[in-house]
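K.L.:
Mind having a look at this structure? Questions to follow.
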Amino acid sequence: MKSTILILATAGLLAACSSTAPDSSPAATGSGELSAWAGQVCQDTAALRTSITDIAGAVTSGGADLQTRLAQQFVHIQESAQALLATVAAVPAEAGDSPDALAIKQSSTELNSSVAELGSSVAALQDASGIGLASALIGVGSAAGAAGQAAVDAVADINTAVRNRGAAIGAAFADSPACADLTAEQSQ
């Protein structure tokens with residue numbers, strides 16, 4: 001069961017969010033500040049997604065030091081989540097309350113909640129043994145799957161912004177090389 005959850009979570013991270021045609025509205029242009037912000041959002045999202053994928057892989061690999069490795073990996077996830085939240089919170093004024101900016105803020109908040117739940121699962125794993133260890137591993141796998149889906153949802157919101165080139169925020173995401181890499185990975 002845990003393998004199925006983790007495989008589905010990993011597959012979701014790697015294959016969800018197919019790209020569709022951009023909005024046919026005339027392309028807006030984002031400021032340098034907005035473009036830099038969009039690029040950092042994409043970099044932070046990609047780093048967090050990678051960390052979540054790594055913890056899912058660690059659960060399936062097992063080993064005697066699994067609990068320690070998962071705890072160490074979670075530190076990376078937590079750092080990545082905090083970086084993403086700080087970046088999203090610093091949205092430039094010109095993007096402010098646009099629907100795309102609000103969606104990205106909401107998905108990053110939901111992603112942070114999923115990461116917190118994953119942290120609780122990893123913490124519970126540290127004290128587990130015997131049959132409790134198996135149950136705790138399933139909990140970590142399930143929480144990793146939920147965090148993975150939240151990461152996919154965040155990338156989907158970025159993809160939506162990219163397709164909305166008629167808005168300054170959409171243009172900023174569409175013009176960022178870091179976002180192009182992130183959205184291209186999702187469309188493969």
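Please treat every number below as a calculation from the coordinates, not as lab data. Treat the numbers as computed from the prediction; the structure is a model and nothing was measured. Glycine gets a Cβ as well: all are built from the backbone with ideal geometry, and neighbour counts include every protein chain shown.
K.L.:
Rounded to the nearest angstrom and ordered from largest down, what semi-axes does the equivalent ellipsoid of segment 29-187 get from its C-alpha gyration tensor (root of 5λ)?
P.N.:
34, 13, 12
K.L.:
A further question follows. Using label points projected 7 Å from each Cα along Cα→Cβ, tell me how many nm separate residue 86 and residue 113, to one decimal.
P.N.:
Going by the 7 Å Cα→Cβ label model, 2.4 nm.
K.L.:
Here's something else I'd like to know. Tally Lys and Arg at +1 and Asp and Glu at -1 over the other residues with C-beta under 15 Å from the C-beta of residue 34: what net charge comes out?
P.N.:
Spelling it out: positives minus negatives among the neighbours equals -3.
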